[in-house]
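This structure is in structure tokens; I'll ask about it shortly.
Please treat every number below as a calculation from the coordinates, not as lab data. It should be emphasised that the depicted structure is a prediction, and the values quoted were computed from it without experimental measurement. Positions of Cβ are backbone-derived with ideal geometry, glycine not excepted, and every protein chain shown enters the neighbour counts.
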Amino acid sequence: MVYFHDFGIGFYPLKVNFEGYVELAFAARGYLMWQYVIIYLEYGKEDSVMYGKSRYDDFVEDMPLLFPDFKMDEFIKLYESLKIK
């Protein structure tokens, strides 16, 4: 299982193996801190970055602008299919 360390606050299991992690990283097109999407989905952790928005909100807002073919629901389905149960 792969863990995400958020630079001082803690370690979070992402509930995927290394192969799944790489597949998700490609699906996220290397978006900085994309792992927070998984943390939000799994743990509901809210992190306020600039102007009170979370990294999850930034990801949801930015990805379709950067990559018009990106679909958030497909990213979530991919994660669910790769998740270690």
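I need every pair where a residue in the range 64-85 that is more than 15 Å from Phe26 (Cβ to Cβ) has its Cβ under 6 Å from the Cβ of a residue that is in a helix (DSSP H, G or I), sequence separation at least 6 or different chains.
The qualifying pairs are Met72/Val60.
Which residues, taken from the range 5-16, are touching a strand residue (DSSP E or B) at 6+ places or on another chain (Cβ under 6 Å) and buried (at least 17 other Cβ atoms within 10 Å of the Cβ)? Working first, answer last.
Residues of the range 5-16 touching a strand residue (DSSP E or B) at 6+ places or on another chain (Cβ under 6 Å): 5, 11-14.
Selection gives Tyr12, Leu14.
Taking only the range 17-42 into account, find how many residues are within 16 Å of Met1 (Cα to Cα) and either buried (at least 16 other Cβ atoms within 10 Å of the Cβ) or in contact with a Phe, Trp or Tyr (Cβ under 9 Å, 6 or more places away or on another chain) (or both). Working first, answer last.
Of the residues in the range 17-42, the ones within 16 Å of Met1 (Cα to Cα) are 17-25, 35, 38-39, 42.
Filter once more, keeping what is either buried (at least 16 other Cβ atoms within 10 Å of the Cβ) or in contact with a Phe, Trp or Tyr (Cβ under 9 Å, 6 or more places away or on another chain) (or both): 20-21, 23-25, 35, 38-39, 42.
Total satisfying the criteria: 9.
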